[in-house]
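Report on the structure given below.
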Amino acid sequence: MVKFSVKKPLTVFVAVLAVLVLGVVAYLKMTPDLLPNMDFPYVVIVTTDPGASPEAVESAVQSGGAKRYVLGSVLNQVLLHQSIIGLESKLAMEQLGEYPDVVVGCAGGGSNLGGLIAPFMADKLRGIRNPRIVAVEPASCPSLTRGKYAYDFCDTGRVTPLARMYTLGCGFIPSANHAGGLRYHGMSPILSKLYHDGYMEAVAYEQTRVFEAAVLFAKRETILPAPESAHAIRGAIDEALRCRESREAKTILFGLTGTGYFDMTAYENYLNGKMSDSIPTDADLQKGFDSLPKIPQNEGI
Ligand SMILES: Cc1ncc(COP(=O)(O)O)c(C=O)c1O
């Protein structure tokens, strides 16, 4: 090799040059493969529970059975921890020397409302005080005001046990036009029973009226309410307006459940006049009622 290189320097020089040129050309033409075809071992688990929190379901699945997923609304046990809202409200009112004449809360599946009213409803049931309790729901998903008192699944995935409640049927899907939450087909069984027995009232509002109240509240209080909470605000404002008309002084307590910073598109649509109302027809509701479980207890409902 050494002898050959000494004898044929030109050949060696040309060979080295060729290797260098080809190397540079190959380097310049080489494209990085962003998605190389590699196989990774993986397992896919599909769970179908529409409306369930993906993070909570993931945590439950990954725990290998150590954790269980429970619904965050509608089911009765949720009202228990939510009752902290009512207990704190009652304490705050006591410190102000007040007791509410009217308690107003937004109603989706009923958890925040059930928690807010719990201590006041306890007083009402015991005959100690007699506050009016008002549930405010969207006209596009009117489970209390237009639903049936029937046995139904608490979730749209039909996984939960059946519960007797005001429901639009677990197959009911509110219009996509509806901007806020509160799109549950059924109302907490405890609240449903209280409503059924006349301890609680319910009112339904179109979303444009709700956003009107939300914008008014944001301007006056500098708190941007969640569209869901704005249902309670609409209810409280209307109660106050009635008081102004009847010249009565009343203490109104309402639940402000959240802020609306993730709902700016809905606010923008409202402010640009692009928001409309969608109220289900009786035929729309009937489709939902047709999805109620066909069991003897639901016959004739
Ligand atoms: C901010 C906020 N408040 C209230 C609710 C109503 O849920 P629930 O009736 O279960 O309290 C929701 C959910 O839709 C919400 O996102």
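Kindly identify the chain as rounded, prolate or oblate by the Cα gyration tensor criterion: order the square roots of the eigenvalues as a ≥ b ≥ c, call it rounded if a/c is under 1.5, otherwise compare a/b with b/c, prolate if a/b is larger, else oblate. It is prolate, given that a/c is not under 1.5 and a/b is the larger ratio.
Remark: the Cα gyration tensor places segment 146-276 in the oblate category, a/c being 1.5 or greater and a/b not exceeding b/c. If I fit a long axis through the Cα atoms of helix 9-29 and take the longest principal axis of the Cα atoms of the chain, what angle between them do I get, 0 to 90°, rounded to 10? Value to nearest ten degrees: 10. Sorting Ser246, Ser229, Ser291 from the fewest to the most surrounding beta carbons within 10 angstrom yields Ser246, Ser291, Ser229.
Most tightly packed first, judged by the mean number of other beta-carbon atoms within 10 Å of their residues, the peptides 178-186, 233-241 read 178-186, 233-241. Note on Phe13, Phe289: ascending count of other Cβ atoms within 10 Å places them as Phe13, Phe289, the fewest first.
Between amide H atoms placed 1.01 Å from N, distances below 5 Å from Asp155 occur with Thr160, all of them 5 or more places distant or on a separate chain.
The distance from the alpha carbon centre of segment 258-297 to that of segment 140-172 is 14 Å, rounded to a whole number. Pairs from the table (Lys193/Lys250; Lys148/Lys294; Lys90/Lys193; Lys124/Lys148) lying more than 20 angstrom apart at Cα are Lys193/Lys250; Lys90/Lys193; Lys124/Lys148. Residues Phe211, Phe153, Phe40, ranked from the fewest to the most other C-beta atoms within 10 Å, line up as Phe40, Phe153, Phe211.
Only the coordinates and a few stated rules stand behind these numbers; no lab work does. Quantities reported herein were computed from a predicted structural model and do not represent experimental measurements. Note that each Cβ is placed from the backbone with ideal geometry, even for glycine, and that neighbours are counted across all protein chains shown.
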